Amino acid sequence: MQDYDAIIVGAGFSGAVMAEQLASELDWQILVLEQRDHVAGNCHDGKTRDGITIHHYGPHLFHTSKQRVWEYLSRFSEWKPYHHKVLAEVDGCRIPLPFNLNSLRMVFPADRALELERKLLESYGKDSRVSILTLREAGDPDLLEVADWIYNRVFVNYTARQWGVDPEDISPDVLGRVPVVLSHDDRYFQDVYQAIPLSGYTRMIESMLDHPNITVQTNQQALSRFELVDGNGIRFDGRPFEGSLIYTGMLDELFGYCHGELPYRSLKFEFETLDYPYFQSNTTVNYPNESTFTRITEFKHILQEHSDRTVIVTEYPQEYDRQDQRKNIPYYPVFTAENQRRYDRYRSLATAYPQLTALGRLAEYRYLNMDDAVDNALSAADKLITGVRAGC
Ligand code: UDP
């Protein structure tokens, strides 16, 4: 077997950035082990027979304000500018989400909406982005009325369904991702750069991995090839392995679930091809209340593709169960204080292996957007590269 300087488990954004950086900056030989039959992790996409680009693990809309992430990824793909817009169906009416001043005018009578708008702007300032949890702490009864309206109709049921726990138990950061926006900007994100890789995420990640020093093996059960020798080094394919191990999978699995399973949330995606050109007016419509699903996305809006047919995906949140093939994809860590404590115990086990870097949404048990994953991986690569160059 060839000697590798680093073995990377997982070929999503985190693994691909690490592979590319270590191969190009250190001239290392890299082996990437991917358990699926394709690279690109949950960003994996492809075109249907009708020429519509679909995202196989749910819609991925790239946005960032991080200049270095934008510049880095731009080396591997061209972009098509795209500003994501979401409507939420509430009481039979479709309102812009995040809830903003346009939404306010749609759901309150005109005079009342103006009065509430004035109070919101006085309290928080024009263009500010206020977490619904902050708004719920407002002292003013009018502001509380708005907060309750939004919380009860947009957040409570969606969040309970999405996470399977009481909304009060989930980290405030989760709801903070969709703030109340005090402007008329209907876009879902306000980042400086908002665009989709023109030839798709898969092509972008393939091009990151396309380096003579990088070997990618798909359909690999990496953990059956590794052994962590009780704080005493790592064995790979039955031999001591002295190189770096970059692990982007679940930390509980890496350590044999010795502290119990970390909870994750899974999703069921129902794809449908429809025999007419359009299903809805914009990419995503959320259904916060009555339905068993949370949202429907129509893909052709994203790259403005033309076809007589259309493809939609409906998302049903579901529990994660690693024994059940229909439920065994861990889409999200479940962000409660108790789960974080359990994760920290795994994290401290990892410190016994200086060769090991645990990276990415699963291994770090964090809610990372794509740009965060790339940014973290760039920082982790920098750290490793600097250490190697300094001879440590
Ligand atoms: N959320 C909600 N209602 C909505 C949209 C979002 O309650 O209509 C809450 C929900 O808890 C969700 C979180 O805000 O998990 C973050 O939403 P985001 O759209 O960022 O979720 P993602 O696209 O990452 O699944």
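The values are calculated or read from the model by the stated rules, or taken from the named source; none is laboratory data. Since we're looking at a predicted model, the values are computed, not measured. Cβ atoms come from the backbone with ideal geometry, glycine included; neighbour counts cover every protein chain shown.
I'd like the residue in segment 97-111 that is touching a residue at least 40 places away in the same chain (Cβ under 8 Å) and not aromatic (Phe, Trp, Tyr) and, out of all such residues, is nearest to the ligand (Cβ to nearest atom). Among those that are touching a residue at least 40 places away in the same chain (Cβ under 8 Å) and not aromatic (Phe, Trp, Tyr), it is 97. For segment 345-381, give me each residue that is farther than 21 Å from residue 227 by Cα, assigned to a helix (DSSP H, G or I) and free of Cβ contacts under 8 Å to residues at least 12 places away in the same chain. Within segment 345-381, 372, 379 qualify. The set of residues in segment 24-68 being part of a loop (DSSP other than H, G, I, E, B), over 21 Å from residue 312 (Cβ atoms) and not β-branched (Val, Ile, Thr) consists of 27, 28, 29, 34, 35, 36, 37, 38, 40, 65, 66.
Can you tell me which residues in segment 219-238 are surrounded by 10 or more Cβ atoms within 10 Å (Cβ to Cβ) and either under 30 Å from the mean Cα position of the chain (by Cα) or not in a loop (DSSP other than H, G, I, E, B) (or both)? Passing the criteria: 219, 220, 222, 223, 225, 226, 227, 228, 234, 235, 236. Candidates in segment 97-133 are the residues that are part of a strand (DSSP E or B) and closer than 16 Å to residue 153 by Cβ; of these, the one that is farthest from the chain's Cα centre (by Cα) is 100. The numbered conditions (1) buried (at least 19 other Cβ atoms within 10 Å of the Cβ); (2) more than 16 Å from the ligand (Cβ to nearest atom) are all true for residue 352 except (1). Does any residue of segment 89-96 turn out to be among the basic types (Lys, Arg) and either within 11 Å of the ligand (Cβ to nearest atom) or not in a strand (DSSP E or B) (or both)? Scanning segment 89-96, I find no residue that is among the basic types (Lys, Arg) and either within 11 Å of the ligand (Cβ to nearest atom) or not in a strand (DSSP E or B) (or both), so the answer is no. Note on segment 173-194: residues that are touching a strand residue (DSSP E or B) at 6+ places or on another chain (Cβ under 8 Å) and either under 18 Å from residue 368 (Cβ atoms) or assigned to a loop (DSSP other than H, G, I, E, B) (or both) total 14. Within segment 232-247, residues that are touching a residue at least 12 places away in the same chain (Cβ under 8 Å) have Cβ atoms under 6 Å from residues that are aromatic (Phe, Trp, Tyr) in these pairs: 234/241; 236/226; 243/4, counting only partners at least 6 apart in sequence or on another chain. Pairs meeting the criteria (first residue in segment 145-160 and at pLDDT 95 or above and among the acidic types (Asp, Glu), second residue more than 7 Å from the ligand (Cβ to nearest atom) and assigned to a helix (DSSP H, G or I), beta carbons under 8 Å, at least 6 apart or on different chains) are 145/116. For segment 128-168, filtered to residues that are within 11 Å of the ligand (Cβ to nearest atom) and among the basic types (Lys, Arg), the residue that is nearest to residue 181 (Cα to Cα) is 153.
Exactly one residue out of 217, 194 is closer than 30 Å to residue 105 by Cβ and either more than 13 Å from the ligand (Cβ to nearest atom) or touching a residue at least 12 places away in the same chain (Cβ under 8 Å) (or both): that is 194. Take the conditions (1) more than 9 Å from the ligand (Cβ to nearest atom); (2) among the charged types (D, E, K, R); (3) out of contact with any Pro (no Cβ under 8 Å at 6 or more places or on another chain); residue 177 misses just one of them, which is (1). Taking the stated definitions as given, is residue 125 more than 16 Å from the ligand (Cβ to nearest atom), surrounded by fewer than 17 Cβ atoms within 10 Å (Cβ to Cβ), at pLDDT below 95 and among the small types (Gly, Ala, Ser)? In short, no.
With the structure loaded, tell me whether residue 84 is surrounded by fewer than 21 Cβ atoms within 10 Å (Cβ to Cβ) and on the phi < 0 side of the Ramachandran plot or whether it fails that test. So residue 84 passes the test.
Scanning segment 301-317 for residues being touching a Gly at 6+ places or on another chain (Cβ under 7 Å) and not in a strand (DSSP E or B) gives a total of 2.
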